[in-house]
Structure formats: C-alpha cells, structure tokens
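Derivation of every value follows stated rules applied to the coordinates shown; laboratory data play no part. Note that the structure is a prediction, hence the values are computed from the model and not measured. As a convention, Cβ positions derive from the backbone with ideal geometry for all residues, glycine included, and neighbour counts pool all protein chains shown.
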Amino acid sequence: MKLVNEGGTWAGNGVTEQAVMERYDPVISAAMPDLWLEVQQMARPHFAGHHFLAHLAET
C-alpha cells in the first residue's frame, strides 16, 4: 500500500530502503520467501525516485 500512495508515511518520515528491508525481511522472508522477493522488486523503484504505478506500466 505504501508504494501505491507514493510512499505514504515512509516518504513523509524519511524512511530509508535499508530500514524497510531490515524491518520486513525477517517477517516476510521467513513466512513467504517468494513474496518477499516480489516486495523487494516493487520497493526498489520507489526508493530510486520512481512512482510504483509508473514502474508497473513499464513492465
């Protein structure tokens, strides 16, 4: 959801990619490793300055 709304509170609070990965990696990768790979691929463009929905249009 954060990706669809341009980062939401991540952007507003200066949350870094590293902080997101460290926070969610243990939780998501343990339960659903394939999903975690997808989440990482979706999150990277956001932190590189690209809007999530624009990234979807490119694929």
Order of 18-25, 39-46 by packing, highest average Cβ count within 10 Å first? 39-46, 18-25
If I model a spin label at T16 and A48 as a point 7 Å from the Cα along the Cα→Cβ vector, what separation in nanometres do I get? 1.9 nm
